[in-house]
Amino acid sequence: MKIPGGAAFHDSIADVWDSRYERVGFKKRLRSFVSLFDQFVEPGQIWLDLGCGSGVLSSELIKRGAQVVAFDGSPSMLAAAKRALCDYGNVVSFQQGDAQNLSWSGSCAFDGVLCSSVVEYVEDPYELIREVGRVLKDDGLLIISIPTKKSLIRSVQKLLRPVIRIFGTDKYSYFDFSRFEIDSSAVTDWLKKVNLQLEHISGFDPLIPKNFHPILPPALLICIGRKFKKA
């Protein structure tokens, strides 16, 4: 199976991925997701962790009583998730593939889909969101993070990258694969394309406090969309 470019990039850093959660920014982002899980994840639900990485967020879903399908395009990331989640038995299963093609799943299969730091790495973000809309049950939830247009930190990193490379260091290499960005004003219409209604939107940035986000766009938007019930 050919590994998509974004998944191949994460496959190359799988061995050091967990160490990133020791950083202040990663810890802060984890807290943002955990706070939403406390509000929206219910025992007995079935969730798809679409881009599970090493399983950190999957374990938080499981701790709140959910059954989880942990999905990733990177074989090495998925192997790490299997090791990390081995004690959870039959409440978790694993699937490898392309996040833009969830044909292994039937329609309306999941109460929730978590999609953290994935959509920016795929070739066709609209195909990914269409597939998410298909596999969600009516009234199901999508929790998704999306890079923000005009983010200060991302803009600075993009400017610094070619300068740093002059000195032989390939820093911020994820920009070779991270392309999709969105303005907060466009999120509602983007979700509506696949029958999802925006219920919550918040900004996340490792450096900029939330009260400055209206004038300094954060690095990520964390959004919750709910699939419309059929009439």
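The values are calculated or read from the model by the stated rules, or taken from the named source; none is laboratory data. Note that this is a predicted model, so its numbers are computed, not measured. Cβ coordinates were reconstructed from backbone atoms using ideal geometry, including for glycine residues, and neighbour counts include every protein chain displayed.
Residues of region 153-179 being of a type in the set (Val, Ile, Thr) and in contact (Cβ under 8 Å) with a residue 60 or more places away in the chain, which ones?
Residues of region 153-179 of a type in the set (Val, Ile, Thr): 153, 156, 163-164, 166, 169.
Result: ILE153, single match.
Scanning region 212-231 turns up at least one residue that is over 26 Å from PHE26 (Cα atoms) and among the small types (Gly, Ala, Ser). If the condition is being within 14 Å of PRO206 (Cα to Cα) and touching a strand residue (DSSP E or B) at 6+ places or on another chain (Cβ under 7 Å), then region 146-162 contributes PRO147, THR148, ARG154. When residues in region 142-197 are screened for being among the charged types (D, E, K, R) and under 16 Å from ILE222 (Cβ atoms), 4 of them pass. Listed here are the helices (runs of 4 or more DSSP H) enclosed by region 8-117 that have at least 3 residues being surrounded by fewer than 17 Cβ atoms within 10 Å (Cβ to Cβ) and either touching a residue at least 60 places away in the same chain (Cβ under 8 Å) or in contact with a helix residue (DSSP H, G or I) (Cβ under 8 Å, 6 or more places away or on another chain) (or both): 24-40. Within region 118-137, the set of residues being under 18 Å from HIS10 (Cβ atoms), buried (at least 21 other Cβ atoms within 10 Å of the Cβ) and out of contact with any Leu (no Cβ under 7 Å at 6 or more places or on another chain) comprises TYR121, LEU128. Set side by side, the residues LEU141, LEU191 differ, and just one is touching a helix residue (DSSP H, G or I) at 6+ places or on another chain (Cβ under 9 Å) and over 28 Å from GLY5 (Cβ atoms), which is LEU141.
Considering only region 186-219, how many residues are part of a strand (DSSP E or B) and out of contact with any Gly (no Cβ under 7 Å at 6 or more places or on another chain)?
Number satisfying all stated conditions: 5.
Got at least one residue in region 138-152 being more than 19 Å from the chain's Cα centre (by Cα), part of a loop (DSSP other than H, G, I, E, B) and exposed (fewer than 14 other Cβ atoms within 10 Å of the Cβ)? Yes. Scoring ASP111 on the criteria (1) within 19 Å of ASP72 (Cβ to Cβ); (2) at pLDDT 95 or above leaves a single failure, condition (1).
Mind listing just one residue for me: the one in region 131-160 that is among the charged types (D, E, K, R) and at pLDDT below 95 and, of those, nearest to GLN45 (Cα to Cα)? Reasoning before the result, please.
From region 131-160, those among the charged types (D, E, K, R) are 131, 134, 137-139, 149-150, 154, 158; that's our starting set.
Filter again for at pLDDT below 95, leaving 149-150, 154, 158.
On the way: LYS149: 33, LYS150: 36, ARG154: 35, LYS158: 40 Å.
That would be LYS149.
Of the residues making up region 220-229, at least one is surrounded by fewer than 19 Cβ atoms within 10 Å (Cβ to Cβ), at pLDDT below 95, farther than 18 Å from PRO147 by Cα and of a type outside the set (Gly, Ala, Ser). In this structure, does ASP189 turn out to be on the phi < 0 side of the Ramachandran plot, loosely packed, with under 13 Cβ neighbours inside 10 Å and touching a residue at least 24 places away in the same chain (Cβ under 8 Å)? In short, no.
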